[in-house]
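The values are calculated or read from the model by the stated rules, or taken from the named source; none is laboratory data. This structure is a prediction, so every number in the text was calculated from the model and none was measured. Glycine also receives a Cβ, built like all others from the backbone with ideal geometry; neighbour counts cover every protein chain displayed. For the accessible areas, the whole protein counts, side chains as well, though only heavy atoms, and no ligand, DNA or RNA atoms are used. Shrake-Rupley method; radii C 1.70, N 1.55, O 1.52, S 1.80 Å.
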Amino acid sequence: MKSLRNYSIPFTGLALGKHHFEFDITDAFFDEFEYSLVKKAVLKCLVELEKQETMLILNFHIKGIVNADCDKCLAQYPQPLDIREQQIAKFSDEEIDDEEIITLSKNDHEVKLAGLIYEYINVAVPFIKTCGDEGNTPYCDNEMLDSLAKLSVNDEPNEQTDPRWDTLRNIK
């Protein structure tokens, strides 16, 4: 968890206005999260922080590649990501019930971004991951696709059916 401290922005000394920050997100970042869907990645996170009197507006742009496993052929392939998100952090002594707004007290001096970055990346990874055009990409495992084709169910009508079922179908 010590390496996640690198993913925070101290805002107390910043002047009002826009400020830019850059973070590199690599395998070490995802090693800090025990059950991470992403294990290997090379990403760049650009954060534009706009400091106002009562709040901080954080605009994230995360771009790069994560290693994903194809759900069809099980081959590893590079999945490109291009994420744009916005987060608002308000200064308040009271807890705000809005899940989309971070509350910062007077005692806070930095905003921690590791959890937000992790969440944005994991949500951006496609639910169904495929390495592209089946069998035509350099990453696709053609041997696995051939094995799956051999094991697939044969839907040909050549199979003999029980004649009792045929008479039952005609009862409608």
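What to note about this one:
- Estimated at 0.36 nm per residue, the fully extended path between Trp165 and Phe33 surpasses their Cα-Cα distance by 42.0 nm.
- Counting only DSSP H runs of at least 4 residues, each contributing -39500 (n - 2.57), and dividing by the residue count of the chain, the helix-based mean residue ellipticity at 222 nm comes to -5000 deg cm²/dmol.
- Binned Cα-Cα distances of the chain, short to long, each 10 Å bin given as a whole percent: 8, 27, 23, 15, 11, 8, 6, 3, 0
- Percent accessible area from carbon and sulfur atoms, segment 21-106, protein chains only, probe 1.4 Å: 47 percent
- Convex hull of segment 31-94 built on C-alpha atoms - directionally averaged projected area, nm²: 6.5 nm²
- Max mean-square fluctuation residue, GNM over the chain, Cα-Cα springs under 10 Å, options Asp141, Asp98, Asp71: Asp98
- Angle between the chain longest axis and helix 142-151 axis [Cα atoms, degrees, rounded to 10]: 50 degrees
- Here the dipole of the chain is about 280 debye; that uses its Cα centre as origin and unit charges on the Cβ of Lys and Arg (positive) and Asp and Glu (negative).
- Dipole of the chain [Lys/Arg +1, Asp/Glu -1 at C-beta], most positive-end residue of Ile171, Val38, Phe127: Val38
- Folded to 0 to 90 degrees: helix 114-124 orientation relative to the chain principal axis, Cα: 30 degrees
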